[in-house]
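For reference, the structure is listed below as C-alpha cells.
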Amino acid sequence: MIHKFKAKDINILLDVNSGGVHVIDDITYELLDYINLPLAKECPGEIISRLNNKYNSSDIKEAYSEIVSLYEDNLLFSRDIYGDYADTAVESPIKALCLHIAHDCNLRCKYCFASTGDFGTGRKLMPLETGKAAIDFLLEKSAGRENLEVDFFGGEPLMNFEVVKEIVRYARSKEREYGKNFRFTITTNGMLLTDDKIDFINKEMSNVVLSIDGRKEVNDRMRVRVDGSGSYDKIVDGYKRLVENRGDKEYYVRGTYTKYNLDFSEDVLHLYNTGFNQISVEPVMEDESIEYAITEKDLDKIYAEYDKLVCKIAEIKKNNGKINFFHFMIDLDQGPCVIKRLRGCGSGNEYVAVTPEGDIYPCHQFTGHEEYKMGNLHEHTFNENIKKEFAGCHVYSKPSCRDCWAKFYCSGGCNANNYIYNGDIHKAHELSCKIMRKRLECAILAKVCEQLNS
Amino acid sequence: MKHIKTINKANLSATAKKGGCGKCQASCQSACKTSCTVGNQKCANESNN
C-alpha cells in the first residue's frame, strides 16, 4: 500500500508497510496512478501512451525503472506481514495507570468530557488507601515490565495533592523491592499551583500536562471558574514558573480547540510567544448537535490551519526558535516498533484507569460506562474477558483501519471515541480519523522539508 | 535516482523481529489524553536504538 500527497509544491510518497518516505517528481506522481502489481520489468506501453501527451517517453521509462528498483528492494509496495503479530500482545502485562485522584474540579470548563470533574458519578476525592491499592495492583499485574507509568488525573488532581504526594512516596518505596521504575505524570488546570507544588511536580513527575487553550479570550470562553469568570490570568504565571524551573524535563501546555476558535494556529503561536515551547492543541470531541462541536463542515478550515502551522513552525525554527507541536512529532527513521503500532494506547490491556471508589475502567474516558467496568480494587475483582476484548482490538480488527494508510501512525485511534460516538470500540470515529490523517501529512511534510533544507 | 529521492531509512518489518518488549510509554500518557498518537513516540529499548 502506498499513499501520495502534494503539499507546498512537494510530491510526497509514503510506502505504508515499510514506513519509507520519498519525494517524487510529477511524472512519477502521475505514473503511480497506473501501476498494477506485480510490476512488469519494463514500462507497459499502455502507461506510456497515457502519459506521453505530457511527458516524453524516455523520462516515463526512466521514472518507471526507478519505481521498479525500489519495489525490488522492498522499499515500495512492500508487503503487509504484520497481521501475524496482531495476537502477540494478548497476554500483555498492565504497565500504566490513570489515577482519578479527584472526581472534583474547581473549574467548570464547558467542553469537559468528565462532566466538569465528577464523570457524572458524584464529587469525591480518592482516599490514600485506594491509591496505595492501585499501586499494589500495578505491581502485581505488571509482571516483567520494569517501567511503570502512573498519571495523576481528575477532575483536578491538585485538589487532592497530599494524597498524590503520599502515593508517590509509597510507589517509590516499592521500586527497589519489585525492580520497577515508576514514571509519574500529572495533568492540571493550574488553579491551585503553588511554589511548593511546583517543586514537588518538577522533582517527581516525568511529564506534566498544563491545560490552557491559548489566547486569553479563547481560554476564558470555555475554561471558566464556578462563578463563570475566566481562568487565564490565574493560571498563566504559575505555568511559567513551573516551566522555568523544570529544566529539560518534559511538559506540555495542552489546549482544546472548538468551533469557536477554528483559527487555532493563533493559539499555538500565542502559547509559544507567552514562553511555552512544548505545545499540544487538539480538537474537542462532542456530539455535533452541541454548538461548539467540530463537524465535517469545519474540516477545510481546520486543514488550512494545520498547513499554516507547518509554515509558522518552520519559520520559528529557521530563526533558531525552539518549538515542539505534539501532533507534528514523528520519527521517520526509528519510532516505535510495528508491534506497538498495531494497538495504539493500550487501553484496557496495558493501561487502565482507577476511580476514587477503586473501580477499574479501560481508560479515563470509559468511566461511568458500567458495561466496561473491569472490576474493583477493594473487591479484588478484575474482568479478564474485557482485557482480552481490548487486546484483540487492533488495526486488523478494525475494518476501516485495515485499508487506511495512516494505520501504523495512529494505531487505530481512540477506542473510547469509537465507543462513545459509534457504539463499538472497533468502529473508527471518522471525523477524528480525517483530522489525524491531515496532521500526519503535515508531520511528514515538516520532516521532509527539514531534510531537504539540511 | 533522478525522479525519486528517498528521505528516510525506515524499515518497519525489521522492528517486528525485535519489537514488542513493552518498555515504551503508554501513548495517551504523553500529552493528549483525548486522542492517541503512537507514531510520534520513541522506542524506549536502548538495544534497538
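The values are calculated or read from the model by the stated rules, or taken from the named source; none is laboratory data. Since the model is a prediction, treat every value here as computed from it, not as a measurement. Using ideal geometry, Cβ is built from the backbone for each residue, glycine included, and neighbour counts are taken over all protein chains shown. Only protein heavy atoms, including side chains, enter the accessible area calculation; ligands, DNA and RNA are left aside. Shrake-Rupley method; radii C 1.70, N 1.55, O 1.52, S 1.80 Å.
A few notes on this one:
- Distance from the C-alpha centroid of segment A:144-184 to that of segment A:198-225: 20 Å, rounded to the whole angstrom.
- Largest-first principal axis extents, alpha carbons of segment A:337-454, Å: 59, 28, 22
- Shielding by partners for peptide A:340-349, expressed as the average number of C-beta atoms from other protein chains within 10 Å of each residue's C-beta, is 6.
- Shape call, segment A:1-44: gyration tensor on alpha carbons, a/c limit 1.5: oblate
- Each peptide among A:46-52, A:318-324, A:219-225 gets the average number of other Cβ atoms lying within 10 Å of its residues, and from highest to lowest they stand as A:219-225, A:46-52, A:318-324.
- The alpha carbon convex hull volume per residue for segment A:161-254 rounds to 103 Å³.
- Residues whose placed amide H lies under 5 Å from that of A:Asp359, excluding near-sequence neighbours: A:Leu377
- If you wrap the tightest convex hull around every Cα atom of segment A:70-118 and split its volume per residue, you get 197 Å³.
- Cα centroid separation, segment A:79-101 to segment A:249-324 (Å): 30 Å
- 5 angstrom amide H check on A:Ala7, placed H, neighbours 5+ away: A:Ile12
- Segment A:99-211, Rg to Rh (Cα coordinates; Rh as Kirkwood inverse mean 1/r): 0.98
- B versus A: buried accessible surface, summed, Å² (probe 1.4 Å, to nearest 100): 5000 Å²
- Scaling the Cα radius of gyration of the protein assembly as shown by the globular reference 2.2 N^0.38 Å produces a ratio of 1.01.
- Accessible surface of B:Lys18 - all protein chains present, 1.4 Å probe, nearest 10 Å²: 120 Å²
- Estimated vicinal HN-Hα couplings, Hz - segment A:338-344 in sequence order (Karplus 6.51, -1.76, 1.60; Gly, Pro = x): 5, 5, 4, 6, 7, 10, x
- Karplus-derived 3J(HN,Hα), 6.51/-1.76/1.60, for each residue of segment A:245-251, Hz, glycine and proline x: 8, 8, x, 8, 5, 6, 7
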